[in-house]
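Engineer: Could you have a look at this structure, given as structure tokens, before my questions?
The values are calculated or read from the model by the stated rules, or taken from the named source; none is laboratory data. Owing to the predicted nature of the structure, the values given are computational and were not obtained by experimental measurement. All Cβ positions, glycine included, derive from the backbone under ideal geometry; neighbour counts span all protein chains shown. To get the accessible areas, we keep the full protein, side chains included, count just its heavy atoms, and leave off ligands, DNA and RNA. Shrake-Rupley method; radii C 1.70, N 1.55, O 1.52, S 1.80 Å.
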Amino acid sequence: MAKKGWSVPATEALKADGLRIADLDTSGTPGFKGDKSAGQELLAERTEVLSALQERLYANGRSGDLRSVLLVLQGMDTAGKGGIVRHVIGSVDPQGVDHAAFGVPTEEEKRHHYLWRIRKALPRGGQLGVFDRSHYEDVLVVRVHNLVPKEEWEPRYDEINAFEKELVDEGTTVVKVAMFVSLDEQKRRLLERLERPDKYWKFNPADIDERGYWPDYQEAYQAMLERTSTKSAPWHVIPADRKWYSRLAITELLIDALEKLDLEWPPAKFDVDEQKKRLLEA
Ligand code: ADP
């Protein structure tokens, strides 16, 4: 059944299958009927639901359940990955979050297989993991800038699929989201970073150079979606020009993933009445 405000559930409306990024309306709000204020109102409600479900996941983890959820965030600069971490992930109990951001590999990381740093950062049982950029950089920036020859990046798609399948089989639900803004919206957001002293820290002059590679990135993202959207770990495509929409959409995807785990509160490992009695007598 469609949720309030959603004419089609987010999991359906955001499916990557068959989608051409070139045709994507990045200012769209697929599946959602309502304006910004309706979206924000619903987001406030759904954030509570997400937070309650995450607490259950954490509680089960503390009781030995090894299952976890991993949110993989990909997107061009300014697409809003940081905003998702801050506003969506930031709404749940930080004790239950395993966060990792992946930048240019360090010297040590370069000496290892590209999945080495990824494996080290996987969420522990009961945790909500979030990857701000991920192993997908190894078929995105690496492909666009020829950081390794094609013979080396080409087999990575299959390798990543196998890696994620293993992860899912071991109990991690992988929620992959690719966030897309338009070239104009990116310019607007970069300009804002140059106009506001509280945003200078987010600005990187190299981001302007990367704009020159936009078509190459579009192609690399398209290949990523086509080759790594699997049954075990499908991609979701998020139009991200409207921040309220991307936050709401990703909140819904996380709620869906957590609901599918069918989490109950872990039962007491002690006799409740007996402990109550002891406490009252103490
Ligand atoms: P952000 O730009 O997300 O705020 P950083 O300033 O740490 O974060 O930079 C991330 C940069 O690291 C991006 O330009 C990204 O393309 C690059 N990067 C991430 N992973 C890799 C990789 N495996 N190889 C090369 N560059 C990478």
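Engineer: Using a probe of 1.4 angstrom, how much of the accessible area of region 10-281 is carbon and sulfur, in percent?
Structural biologist: 50
Engineer: While we're on this one: Could you tally the net charge around residue 88, taking each other residue with its Cβ under 13 Å from the Cβ of residue 88, Lys/Arg +1 and Asp/Glu -1?
Structural biologist: Working: positive: 46, 81, 86, 243, 247; negative: 48, 132, 252.
Counting the neighbours of residue 88, the net charge comes to +2.
Engineer: From zero outward in steps of 5 Å, how is the percent of C-alpha pairs of region 125-282 spread across the bins?
Structural biologist: P(r) for region 125-282, in whole percents per bin: 1, 7, 12, 15, 15, 13, 11, 8, 4, 3, 3, 3, 3, 1, 0.
Engineer: How large is the accessible surface per residue of the chain, computed with a 1.4 Å probe and reported in Å² as a whole number?
Structural biologist: Per residue, the chain has 52 Å² of solvent-accessible surface.
Engineer: Next question, about the same structure. Each residue of region 112-119 in turn: what ³J(HN,Hα) in whole Hz from Karplus with 6.51, -1.76, 1.60 and θ = phi - 60°, glycine and Pro shown as x?
Structural biologist: Values per residue, Gly and Pro as x: 10, 4, 5, 8, 4, 6, 5, 4 Hz.
Engineer: Which whole-number percent is the relative contact order of the chain (Cα, under 8 Å, 6+ apart)?
Structural biologist: 32
Engineer: Need the full-extension length gain, residue 184 to residue 20, defined as separation in residues times 0.36 nm minus the C-alpha distance. One decimal, nm.
Structural biologist: 57.2 nm
Engineer: Just to be sure I follow the definition: excluding the sites themselves, where is the longest run in the chain that has none of the trypsin sites (Lys or Arg not before Pro) in a DSSP loop with at most 15 other Cβ atoms within 10 Å?
Structural biologist: 125-230
Engineer: Taking H placed 1.01 Å from N in the peptide plane, check which residues at least 5 places from residue 101 or on another chain put their amide H under 5 Å from its amide H.
Structural biologist: The answer is 132.
Engineer: Given 0.36 nm per residue, what is the gain on full extension from residue 101 to residue 192 after removing their alpha carbon distance, in nm?
Structural biologist: Difference between extended and current length: 30.4 nm.
Engineer: Please report, largest first and rounded to whole Å, the three semi-axes of the ellipsoid equivalent to region 93-184, where each semi-axis is the square root of five times an eigenvalue of the C-alpha gyration tensor.
Structural biologist: Ellipsoid semi-axes (Å, largest first): 23, 17, 14.
Engineer: Using only Cα atoms, figure out Rg for the chain and give it as a multiple of 2.2 N^0.38 Å.
Structural biologist: So the Cα radius of gyration is 1.08 times the expected 2.2 N^0.38 Å.
Engineer: Taking region 232-282, which GluC sites (Glu not before Pro) meet the DSSP loop condition and have no more than 15 other C-beta atoms within 10 Å?
Structural biologist: Those that pass, being in a loop and sparsely packed, are 264.
Engineer: Hey, rough spin-label estimate for residue 230 and residue 52, points 7 angstrom out along Cα→Cβ, what's it come to in nanometres?
Structural biologist: About 3.5 nm separates the two model spin labels.
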